[in-house]
Structures are given as structure tokens and as C-alpha cells.
Amino acid sequence: MEELSKTQMVLLVLLVSFITSLATVVITVSIIEAGPKPVGDTINHIVQRVASSVESAATGKPNTSEISIPSAADEDVIVSTIARSSNAVVSIIATKDLPVVERYFSDPENDDIFGQLFPEFRAPQYRENGTEKLQIAAGSGFVVTEDGLVVSNRHVVEDKDADYTVVMNDGSKYPAKVLARDPINDIAILKISGKRFATLPLGDSDTIRIGQTAIAIGNALGEFQNTVSVGVISGLKRTVVAGGAGTAPERLQDIIQTDAAINPGNSGGPLLNRRGEVIGVNTAMAGGAENIGFTLPINLVKKDIDKVKSSGKITYPYLGVQYIIVTKEVQDERKLAVDYGAVIIRDRDGSSGVMADSPAVKAGLTDDDIILRFAGEKITKDNPLADLVQKHKIGETVQLLVLRAGKEFNAKVVLGER
């Protein structure tokens, strides 16, 4: 390679210097633009925000610069979810043959003297005149299998003498048979005849978070079919006592709270996430409050569906004792030797807290016994006896640690079927 002349060398050095300078300028400008704004700009921005807030307070108009408006995409997701889900949400109608009562007046000739003299003052009388099939209740439900398995609340189908009809979103009607009523949770499984029904996918209620979108669909007030309300998950693992007309108060544990509106008639309908998966079964609402509704976690329902598919019924293991959980306060009040466990107590009418013919009777348990451990697990407020029993199977033999009159002993119990 030939050596460069002095002129070529000078030109090459100048070219490299120019390129280096140009690159330095570009990099410097980029850093300046990406860096923090000058103090003056920051102060001006703060002043503008304060002035905007003052103007908003003075005029009563919202500061639109601070309002986050849902995007069209967010709305489209919810609208699409509802459109996909609605055909699998049903109304459940309960009907029953009820006596027809008619009003009549007796023949004046058969009345007493007063009735004969003043027939216009005769007292009306009432009598039955046959029966008539009338609607006595209405609720909601949703289809979970293509061959017509339907989930609802137990209190929606509580009356065992009533007839039940499932009304689809398109108005078609199917007679429904109640396959099982959960004796502990407010869940019922029904069956309608047919195939290729629209279904809802079941989600995982253990993964839901406070603040995530919740969509409730149901037969609001028993007359507005497939009413939709949208809100968020407001709380988790709530414990409430719920009851209604014709149903006894019931303690609901580990349930979901939502501000998506739940009204009478919504019971048994689904609570969905944005993907259209069922995360709960709408069950109750708080009286005297607004937008406080409660939903049973779908993972409870999954267990019941599996039990019905495998055995045709919903069963639970059963010990057969009435008790209260021992805490420090209960210990002080009852002067107990321990501050944990489950103490067996008598009923208010004085009857024994150990149920007749129960597994507890056969295990030799009596009133005032304190069950300290169940299958080796310590019984506490956060680990109650009822939850421990449900971890085991019907017919399983479990060892108990019991405290009676200051002495501990072991007892074995064979769990029965509730």
C-alpha cells in the first residue's frame, strides 16, 4: 500500500475530527433533552397545577387534566365479556300449587237474627276453591356443562315441594331438577335436559385481588333478566350472617365483597372477571347500605360440582358437636384452663351440645370437654374445628386430644356424613 501524501494526511485528520465533533453534539443534545427540565419549567408546571386546582374549587367544575378517563379499549373488553357470557346466565323460576281462596257471604236465611235483619252487614267468609300454580320465587344461575348442569344458590331452590324452571337468555324454558343442595354452603346444583348449552368457564378465586374488575349478571328483582352491573372486588375473606324471607340466618365465611350492584333476584348468578371467568356466585347484599354485595368463591363451587359428578350428591364429614372456639376472653369468662381449643357447650334450651347418634357420642365426648387438637392440629380462632373436620373424609378415623376436668386424654372418632 502506497504511503499517503502530506495533503491526504491533513484531509484525513480533518475528516475524522469533523465526524467526532458531530457525534459529540448529537449525544449532548440527546442527554439534555432526556434530562430533567430546568427549574424554571418545573416551577411553571407547579404553578399551573395549583392555579388549575384553585379554579376547579372556585367553579365547582372538575379538573379534567387530572381525571383518568377509561379508554375505549377498556370498555370494549367489558362489553365483549358480557356478550360472550350472557347466553350461559339463566333465570330460575319457582312455582307451586297453592290453594285458591275465595270470599263469599252466607245465605241470609241461614244467618242469625242480626244477619237476617241487616244483610248488608253480614261478615264475609272465606273458603278454598281448588289450587292454582303460582310463582313463589325467582333467582339466577349459570350453566357450567354443555349437557345442562346449572349452578345457583341453595336458598333459590330451598322449597323441596316447588317446581323449578330455567329460563334461558333467548326466552326458551326448561324444566329443572335439583340434583343437590349443599348443607353447609349456599350452593345448589340443578340439571336441565339438552346438549350443547352455552357455558361459563370457571376461574380461580384464590388468585383474585382487591380492586380488580368484577362483573355481576343476574335476574335483578326477579323481573329484569340478565341485568349487568360492573364494579371492583372490595374485600376478601369476609364473614357475614345472611338471611331472607323464608330462610334462616346463615353464617357465610371467607366470602368475597364487591361493589358491583347485587339485588334480590341476582342470587345464584355469576360474578365474572374481565376474561369472562366465573370467580364467585352472587349470594347476599348488605341491608341499609349501597353497593355492598357478597359472593361465594368459585373454588367452593368447583368442589360441589365434582362431588355431584362423582356421587350424585354433596356430602361433608361430620363430628356432631356444638361448640365455641376458646380465646383469651372466653378463657377468662368461663374460667378455663387453656386459651385455645373448642369447648363443647349446651344448647340454649339446655339440651346437650353433643348431638344424638353422632360420631362424637360414639367417641365418648361430653359437654364441657375441650377439644385441643384434631388430627394433631391445634384448634384456634384462625384454625377452627369446622375447617379441620372438612380436611378429612367421611368414614376416616381421626385422633382427638381432649381436656376434661383438668386432665388430657386421647380419643378416636370415625367421621360420619353430615
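Annotation for region 301-400: trypsin sites (Lys or Arg not before Pro) lying in DSSP loop with at most 15 further Cβ atoms inside 10 Å of their Cβ are Lys313, Lys335, Arg346, Arg348, Lys381, Lys391, Lys393. Scaled against the 2.2 N^0.38 Å expected of a compact globular protein of N residues, the Cα radius of gyration of region 317-417 reads 0.99.
Taking the Cα centre of region 328-373 as origin and assigning +1 to Lys and Arg Cβ atoms and -1 to Asp and Glu Cβ atoms, the resulting dipole is close to 140 debye. Note on Leu336/Val240: beta-carbon distance plugged into 1/(1 + (r/R0)^6) with R0 of 22 Å gives a FRET efficiency of 0.20. Please go through the residue pairs Lys237/Lys362; Lys313/Lys407; Lys335/Lys393; Lys307/Lys381; Lys177/Lys381; Lys191/Lys412 and name each one whose alpha carbons sit more than 32 Å apart in this structure. Over 32 Å apart, Cα to Cα: Lys237/Lys362; Lys313/Lys407; Lys335/Lys393; Lys177/Lys381; Lys191/Lys412.
The reciprocal of the average 1/r between distinct C-alpha atoms defines the Kirkwood hydrodynamic radius, which for region 205-301 equals 13.1 Å.
Neighbours of Ile189, meaning other residues whose beta-carbon lies under 15 angstrom from its beta-carbon, give a summed charge of +4 when Lys and Arg score +1 and Asp and Glu score -1. Electrostatic bookkeeping for Ile305 treats Lys and Arg as +1 and Asp and Glu as -1; over the other residues with beta carbon under 13 Å from its beta carbon, the sum is +2.
Rounded to a whole number, what is D in µm²/s for region 361-418 from Stokes-Einstein with the Kirkwood radius over alpha-carbon pairs (25 °C, 0.890 mPa s)? D = 207 µm²/s. For region 278-349, applying the loop criterion from DSSP together with a ceiling of 14 other beta carbons within 10 Å to the GluC sites (Glu not before Pro) yields Glu290.
Note down the magnitude of the dipole of region 326-418 about its Cα centre, charges +1 on Lys and Arg C-beta and -1 on Asp and Glu C-beta and zero elsewhere, to the nearest 20 debye. Provide the component values of the computation, followed by the final result.
On the way: 15 positive and 16 negative charges, 48 e Å.
Roughly 240 debye, rounded to the nearest 20.
The 3J(HN,Hα) values that the Karplus relation (6.51, -1.76, 1.60; θ = phi - 60°) gives for region 404-418 are, in residue order, 9, 6, x, 10, 8, 8, 9, 9, 10, 10, 9, 5, x, 9, 6 Hz. Gly and Pro appear as x. Modelled label positions at Glu132 and Val101, each set 7 Å beyond Cα in the direction of Cβ, lie 1.3 nm from each other.
Report the residues of region 338-374 in range of a label on Lys391: point 7 Å along Cα→C-beta, backbone N strictly under 12 Å from it. Correct set: 373-374. Separation of region 345-418 from region 152-226 is 35 Å, based on Cα centroids.
Coordinate-derived values only; no laboratory data. Remember, it's a predicted structure, so these values are computed and weren't measured experimentally. Note: ideal-geometry Cβ built from the backbone for every residue, glycine included; neighbour counts use all protein chains shown.
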